[in-house]
Amino acid sequence: MRDQTFDRLTSRQLVGIDRFSPGVLLPVTFLFGALAQWLFYGVPLGLNLALAVIGILILCWALRPAGARVDALDRWVAPVAVIFAFLPTLRSDLMLLLFDVPAMLVLVGMAAVCFAGVPVTRRALDLLVVLGLVVAGRIVSGGAVLLAALPEVGRPLTRRAGGRIASIGIGLALALPFLVVFGALFASADAVFSSALRNAFDPKRWSIGEVIGRTALAFAFGWIAGGVFLVAGRPSVPAFSPVIPRLRGLVSPTAATTMLVAVDALFLFFVGLQIAYLFGGLDTLNATGLTYSEYARRGFFELIAAALVVGGLIFGVELVVARRSRPYVLAALTLVLATLVVVGSAAYRMHLYQLAYGWTEQRFYALAGIAWLGAGGAVAIACIARDATRWLVHAGGVLGLGVAVAINVLGPTGFVARQNLERVVAGTALPADAYRGLDVAYLVSLGDGAIPTLVEYLPRLDPRSRELLGSYLRTYALEPRDLGAPAWQGFSADRERARAALIGALEELRGFPLYCPPFGACPRR
């Protein structure tokens, strides 16, 4: 009986995926690469990503081993992978893409493993890390495995075909001059045929550089896709043993409780000061030499870091404590509750900072991180109370995906632009030392997600700000953009709304002068 462990399979066994032979898998991989270059070459991320992910998931499902069942706890993986693949059709923000695309790639890899019948969600953290590293290695090396099988596929085909392949090549060579002659005659006789022929063989459209680029892109996508197919169709998975040894019992309950109580004392002292000075408004100038606004607008990043360290501390102590005594559980819960107050302090400080200086993308994402920490703290309380802290990292990952989806739905750049414009237009009550100007250059730099909001608020601004924003929009958003219909593969709601907003305000924007920086050349038309 052949060895079923993936690491010991021979090249022939490795590519002999349960129901499909290499002779089928290789053409499927090449076809996927060819379709991928058509979807992605020269086109921004959008609908093309969703179509590629749906296609690869369908193929992974078709290639799964006979009888493989997706674990009940893993049924969320494939749908969430599809959701993240569709997010670039909603938002085009670079910061979002830097999270959404890697998250989608990880989820697709997880889905391939799940389709093979391997449980993922219920695995312990150490096993999950090892499984992830092994699967990533196999995906990256998958193309090499398939290429190594190419001679094994080709030899039987050659034996069966005899000299047929050589004969086909000779026939095509003999037909080539006749194809050229007849093509020229038909092109001269029919305008439609001539136009189609020019489009197909236009040297500007099909330059050597483009052919090389498309070939390289197809090869890269096919290589990775082949690895994913191999993972989804492998007959079994090696029996991993935990890399992290069983640590339970390294620290006594008394030692763990004492450590947590000491940390609790520091946190409770800090929380008391926050309640008195930050939330209660005691005299900070007397206590620190700082005005209240100076005191309140600093330290939020340090507080976020402290909350993250607490999460790691609680998880680590849970791994090593010998027994969860009642005082230990009480000390752990106290630390988490105090940390939630610290997170609230960070959120309040950020709120005061934004009142004074307005919104930026970085501040928006800092608040999103605070929201994730707050939700994680609530989950940590439940996990500690139910002796289920081993699920804390899993829960943090799921909460992170949930926060990411919420951010995509909200639209960070449009939200930031609206908040900054509203505080100027509506005359929002601001602190005495607050900045009341409008950073037009920053608002326009936010990109497509902000453009509809900027166009909407343009008529409501004071004349000076309106002139400056109109010039910036014309110079950096309208003039460089082709307002024609974009390629459907790269469809994104953000880009489409920005295009529609610019078309709607076309005449108004062209009435503004091009922006000329104080130092440097003015942009050309």
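The values are calculated or read from the model by the stated rules, or taken from the named source; none is laboratory data. None of these values were measured; they are calculated from a predicted model. Every residue, glycine as well, gets a Cβ built from its backbone with ideal geometry; the counts of neighbours run over all protein chains shown. Each accessible area value is taken on the protein alone, full model and side chains, heavy atoms only, with ligands, DNA and RNA left out. Shrake-Rupley method; radii C 1.70, N 1.55, O 1.52, S 1.80 Å.
Laid out as a table, the results:
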quantity	calculated
Pairs, first under 12 Å from VAL341 (Cβ atoms) in region 255-275, second open to solvent by less than 40 Å² (accessible area, probe 1.4 Å) and among the β-branched types (Val, Ile, Thr), C-beta under 9 Å, six or more apart	PHE267/VAL310; PHE267/THR339; PHE267/VAL342; PHE270/VAL342; VAL271/VAL342; GLN274/VAL342
Candidate set from region 264-275 (those that are crowded, with 17+ Cβ neighbours inside 10 Å and modelled with pLDDT of 85 or more); member that is farthest from GLY299 (Cα to Cα)	ASP264
Any hit, region 374-391, residues being β-branched (Val, Ile, Thr), within 28 Å of LEU90 (Cβ to Cβ) and without any contact (Cβ under 8 Å) to a residue 24 or more places away in the chain	yes
Filter result (in a loop (DSSP other than H, G, I, E, B) and open to solvent by 20 Å² or more (accessible area, probe 1.4 Å)) within region 326-361	TRP359, THR360
Considering residues of region 498-514 that are in contact with a Leu (Cβ under 9 Å, 6 or more places away or on another chain) and hydrophobic (A, V, I, L, M, F, W, C) only, the residue surrounded by the fewest Cβ atoms within 10 Å (Cβ to Cβ)	ILE503
Candidates VAL416, VAL409 - the one that is open to solvent by 60 Å² or more (accessible area, probe 1.4 Å) and modelled with pLDDT of 90 or more	VAL409
Residue that is modelled with the highest pLDDT, among those in region 362-377 that are open to solvent by 30 Å² or more (accessible area, probe 1.4 Å) and either closer than 21 Å to ARG423 by Cβ or of a type in the set (Asp, Glu) (or both)	TYR365
Count - residues of region 445-472 that are in a helix (DSSP H, G or I), open to solvent by less than 20 Å² (accessible area, probe 1.4 Å) and of a type outside the set (Gly, Ala, Ser)	6
Candidates VAL70, VAL106, VAL140 - the one that is modelled with pLDDT of 80 or more, within 20 Å of the chain's Cα centre (by Cα), over 30 Å from TYR365 (Cα atoms) and open to solvent by 30 Å² or more (accessible area, probe 1.4 Å)	VAL140
Only one of ILE384, ILE370 that is more than 29 Å from the chain's Cα centre (by Cα) and of a type in the set (Val, Ile, Thr)	ILE384
First in region 297-320 and without any contact (Cβ under 8 Å) to a residue 60 or more places away in the chain, second anywhere and in a helix (DSSP H, G or I) and of a type in the set (Val, Ile, Thr), Cβ under 7 Å, 6 or more apart	LEU303/VAL342; ALA306/VAL342; VAL310/THR339
Filter result (outside any loop (DSSP other than H, G, I, E, B) and open to solvent by 30 Å² or more (accessible area, probe 1.4 Å)) within region 41-52	LEU47, LEU51
Hey, THR389 of a type in the set (S, T, N, Q), open to solvent by less than 30 Å² (accessible area, probe 1.4 Å) and under 25 Å from the mean Cα position of the chain (by Cα) or not	no
